[in-house]
Amino acid sequence: MTESELVAEVAKRAGVSKAEAKAVLDVLADIEREQRRPAKKEPPTRLSYVPSDREIADLIAAAASHPLGIQFLIEGELCAVATTFRVHAFTVDAAREHIRAEGASLAGT
């Protein structure tokens, strides 16, 4: 099927003019070409939220007094921990890093 035949068939089936059918087919061809291009690697983005030392300490204290305990903070599913303590997931990650660092410094002494 030639391009003009394809345009005519699409126009007939869609009930639109040949110009409108050609415009749609051109857009679809552009999309197809774009999808074939190799993906661009985006530079890493900077995190926009960095929890404060106070937020980290408050989370650790809250976990220590919570029935699920510190172990839940360390090993629980990230979103579940963040939701339970009503904190940002980055705060959970930072608290986990803090606890690991404290554990490493205690092991080294």
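The values are calculated or read from the model by the stated rules, or taken from the named source; none is laboratory data. A quick note: this is a predicted structure, and the numbers were derived from the prediction, not measured. So basically every Cβ, Gly included, is an ideal-geometry build from the backbone, and we count neighbours across all protein chains shown.
General observations
- Answer from R100, R86, R96 - the residue that is surrounded by 11 or more Cβ atoms within 10 Å (Cβ to Cβ), of a type in the set (K, R) and at pLDDT 95 or above: R96
- When the helices (runs of 4 or more DSSP H) confined to segment 1-107 are screened for residues that are more than 20 Å from the chain's Cα centre (by Cα), those reaching at least 3 such residues are found at 3-14, 18-36, 53-65, 69-75.
- Within segment 1-27, being exposed (fewer than 11 other Cβ atoms within 10 Å of the Cβ) and hydrophobic (A, V, I, L, M, F, W, C) holds for M1, A19, V27.
- The lone exception for T91 - which of (1) among the polar types (S, T, N, Q); (2) modelled with pLDDT of 95 or more; (3) out of contact with any Pro (no Cβ under 8 Å at 6 or more places or on another chain) it fails: (3)
- Boolean, Q71 is loosely packed, with under 10 Cβ neighbours inside 10 Å and under 30 Å from R100 (Cβ atoms): yes
- Among the conditions (1) loosely packed, with under 11 Cβ neighbours inside 10 Å; (2) touching a residue at least 12 places away in the same chain (Cβ under 8 Å), H66 misses just one, which is (1).
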